[in-house]
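Below is one structure, written out as structure tokens; the observations come after it.
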Amino acid sequence: MTNGELVSWQPDAGKIKHTSQQIRINLKKLFPGVITLYLLISVMTTGAQILNPVHWSYGAKRISKTEAVLFMKASIDEGWHIYSQTIKDGGPVKTTFTFPANTTYQLVGATIEPKSITVFEKVFGMYVSYFEKSVIFQQRIRLKADQTVVRGQLGYMTCNNKQCLPPEDLDFEVPVK
């Protein structure tokens, strides 16, 4: 054979039949793996669609040499709401803030919230108060040090007109300078 010379080839019918049988057998062996891969990709894609309609941010502002106010802001996606801190037992999960004891600051009073929306919710059989779009909770502290980092945990539940998501607990920290 020289360069540029065409070569003709005639397939052997026996070899082709044997090859197609091997392909069918291999596909039968491969099928469970393909199904497993499909299910795995489906689960991973579904996991990527987890709802997170509330986004939290934190800040602090000194109001004197010895006092500061912490701000915990919830930005809430359209159509969703979070519940007030004043929800009675038997209703939805209320928003809570917990601050562990610390030697560099002391809490002054309770965490405060702005005026909420209050409606009767049939599903709970009671009046409930909640916030839409955004809400800023405030906690006043007395400083025992020049600078500190306030650590805490918040708990909340979010709902829309079709569903409620499981309650969520978040750890946070706010530097006070």
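The values are calculated or read from the model by the stated rules, or taken from the named source; none is laboratory data. Just so we're clear, the structure is a prediction, and the values are computed from it rather than from any experiment. Cβ sites come from the backbone with ideal geometry, for glycine too, and all protein chains shown count toward neighbours.
Here 80, 56 are screened, and the one residue that is touching an Asp or Glu at 6+ places or on another chain (Cβ under 8 Å), hydrophobic (A, V, I, L, M, F, W, C) and in contact (Cβ under 8 Å) with a residue 24 or more places away in the chain is 80. Among residues of the range 105-142 being free of Cβ contacts under 8 Å to residues at least 40 places away in the same chain and assigned to a loop (DSSP other than H, G, I, E, B), the one that is farthest from residue 81 (Cα to Cα) is 125. Checking each residue in the range 156-175 for being in a strand (DSSP E or B), farther than 13 Å from residue 98 by Cβ and out of contact with any Phe, Trp or Tyr (no Cβ under 8 Å at 6 or more places or on another chain) picks out 164, 175.
Residues checked against (1) out of contact with any helix residue (DSSP H, G or I) (no Cβ under 7 Å at 6 or more places or on another chain); (2) modelled with pLDDT of 95 or more; (3) within 20 Å of residue 166 (Cα to Cα); (4) outside the structural domain of residue 108 (by TED's automatic domain parsing):
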| residue | (1), (2), (3), (4) |
| --- | --- |
| 30 | yes, no, no, yes |
| 36 | yes, no, no, yes |
| 42 | yes, no, no, yes |
| 60 | yes, yes, no, no |
| 63 | yes, yes, no, no |
| 81 | yes, yes, yes, no |
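On the stretch given as the range 79-102, residues that are more than 17 Å from the chain's Cα centre (by Cα) and hydrophobic (A, V, I, L, M, F, W, C) total 4.
Per-residue answers, yes or no, for (1) in contact with an Asp or Glu (Cβ under 9 Å, 6 or more places away or on another chain); (2) at pLDDT 95 or above; (3) under 14 Å from residue 56 (Cα atoms):
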| residue | (1), (2), (3) |
| --- | --- |
| 134 | no, yes, yes |
| 143 | yes, yes, no |
| 156 | yes, yes, yes |
| 161 | no, no, no |
| 174 | no, yes, yes |
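Would you mind stating whether residue 144 is among the charged types (D, E, K, R), surrounded by 13 or more Cβ atoms within 10 Å (Cβ to Cβ) and farther than 19 Å from residue 52 by Cβ? No; evaluated as a whole, the condition is false for this residue.
Go over the candidates 76, 117 one by one and state the one that is in contact with a Pro (Cβ under 9 Å, 6 or more places away or on another chain), over 14 Å from residue 155 (Cα atoms) and modelled with pLDDT of 95 or more.
Numbers: 117 fails: in contact with a Pro (Cβ under 9 Å, 6 or more places away or on another chain).
Answer to the selection: 76.
Filter the range 54-78 down to the residues that are buried (at least 16 other Cβ atoms within 10 Å of the Cβ) and among the small types (Gly, Ala, Ser), then identify the one that is farthest from the chain's Cα centre (by Cα). Only one residue fits best here, namely 68.
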